[in-house]
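Visitor: After the structure tokens below, expect a handful of questions from me.
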Amino acid sequence: MLKQLNRCGDNILNVIILDACRADKDNNTWKTKGANAEECSEPAYGKALTSYVRLPTESQFALIFSSDPGTVSFGSKAGENSFFTSALLNHLITPNLTLEEIMRNVQNEILEKSSKRQRPWLNSCLREPFYLNGGL
């Protein structure tokens, strides 16, 4: 996905947000247990971020996952946002925060809501601060 985004032209920054780190009791594809009950036994995405992904050094990107590698994230009741999406929406509107500051706030909120069982994960190659809502 990052390789394809890099081919789109003069992109300043690519941001990918994935809130899909869930295990489904009725689907054993991931061979993991739901975070609401037990620890996860295997990563859900395998070799998604490995040496197999080569990007140009001028590329800037941020990959945001709803939970740490090898874990699953808390879902919600039907019709409600997940812990991650709710927290992200709460903090995206805060003006004059960098992406890293927003994600730190999201992480703290989710750690509290999940009794420290879920922590979002940010993987980035940013050369400069990036503001989603204004900037100093």
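Bear in mind that the values in this text are calculations on the coordinates, not laboratory data. None of these values were measured; they are calculated from a predicted model. Note that each Cβ is placed from the backbone with ideal geometry, even for glycine, and that neighbours are counted across all protein chains shown.
Visitor: What ³J(HN,Hα) values, in whole Hz, does the Karplus curve 6.51 cos²θ - 1.76 cosθ + 1.60 give for the stretch 85-101 when θ = phi - 60°, with x put for Gly and Pro?
Guide: Once rounded to whole Hz, the list reads 4, 4, 5, 4, 5, 4, 9, 4, 7, 5, x, 6, 10, 6, 4, 4, 5.
Visitor: While we're here: Under the 0.36 nm per residue contour assumption, what length would be gained going from the current alpha-carbon distance of residue 113 and residue 94 to full extension?
Guide: My answer for the length gained is 4.9 nm.
Visitor: According to a simple spin-label model (label point 7 Å from Cα along Cα-to-Cβ), what is the distance in nm between residue 4 and residue 101?
Guide: 3.4
Visitor: Relative contact order for the stretch 73-129 using alpha-carbon pairs under 8 Å, separation at least 6, rounded to a whole percent?
Guide: Worked out over the stretch 73-129, it gives 29 percent.
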